[in-house]
1. Looking only at the stretch 112-142, how many residues end up being over 25 Å from Val26 (Cβ atoms), assigned to a helix (DSSP H, G or I) and of a type outside the set (Lys, Arg)?
2. Need pairs with beta-carbon distance below 6 Å; first residue in contact (Cβ under 8 Å) with a residue 24 or more places away in the chain and within the stretch 26-47, second in a helix (DSSP H, G or I) and among the aromatic types (Phe, Trp, Tyr); sequence gap 6+ or separate chains.
3. Hey, can you tell me all the residues within the stretch 1-32 that are loosely packed, with under 14 Cβ neighbours inside 10 Å and hydroxyl-bearing (Ser, Thr, Tyr)?
4. If a residue must be buried (at least 17 other Cβ atoms within 10 Å of the Cβ) and farther than 14 Å from Ser33 by Cα, how many such residues does the stretch 118-155 contain?
5. Looking only at the stretch 33-59, how many residues end up being part of a loop (DSSP other than H, G, I, E, B) and at pLDDT below 95?
6. Being out of contact with any strand residue (DSSP E or B) (no Cβ under 6 Å at 6 or more places or on another chain) and not basic (Lys, Arg) narrows it down to one of Val19, Val26, so name that one.
7. For the stretch 162-182, give me each residue that is over 18 Å from the mean Cα position of the chain (by Cα) and not acidic (Asp, Glu).
Amino acid sequence: MNNIVWHPHAVTKQDRSRVKGQRPLVIWFTGLSGAGKSTLAGALEEALAGLGKHTYLLDGDNVRHGLCGDLGFDEAARRENIRRVGEVAKLMVDAGLIVLTAFISPYREERDLVRNLLGEGEFVEVFVDAPLSLCEERDPKGLYKKARAGEIRNFTGIDSAYEAPLNPEVHLHNDGAPVPALVESLLAALRLRGLID
């Protein structure tokens, strides 16, 4: 790294933001598997696109098909997964985008690492808080069943810890509320913070 120097460019994040007419930020959905992170992130992205916002959704399963396809699911690999996604999200914010992410991201330290990559107010942590029993009941991918049977190891909520956010910008209690109502709550929270108009 001794011979690597950051090269500044004439067009800045502020310029890109002005051209797009929006404030760039990362909306980071975290919670247990089956809590509704991907569903809510996708629905919020649709709503933001409907408002003319320039967005991109980084989904946990999708990035493991490419960017993070070489990683497993042990603690070190999960940390590296979040580090990589954080760096990509930072680049996208620099491009002036509103970036939505849907990752279990079980460790506070990694979520804070991503927060610290970004400028003040550019990281919005959304805790999708659903009871483990409800997540297991939903089990859209059949993963809880496999984890309980011992077929999957290091599964968050079963034999691997999830560290809930202590002070998320948005705390959504997803105990079966309709998705449109939760999206309206998210939009209201973003407006209240002056992040969207």
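1. Of the residues in the stretch 112-142, 5 are over 25 Å from Val26 (Cβ atoms), assigned to a helix (DSSP H, G or I) and of a type outside the set (Lys, Arg).
2. none
3. Scanning the stretch 1-32 gives a single hit, Thr12.
4. Adding up the residues that qualify gives 6.
5. Counting residues in the stretch 33-59 that are part of a loop (DSSP other than H, G, I, E, B) and at pLDDT below 95 gives 4.
6. Answer to the check: Val19.
7. Gly176, Ala177, Pro178, Pro180, Ala181, listed by residue number.
The values are calculated or read from the model by the stated rules, or taken from the named source; none is laboratory data. Quick caveat: nothing in here was measured; it's all calculated off a predicted structure. Here Cβ is always computed from backbone atoms with ideal geometry, including for glycine, and neighbour counts include all displayed protein chains.
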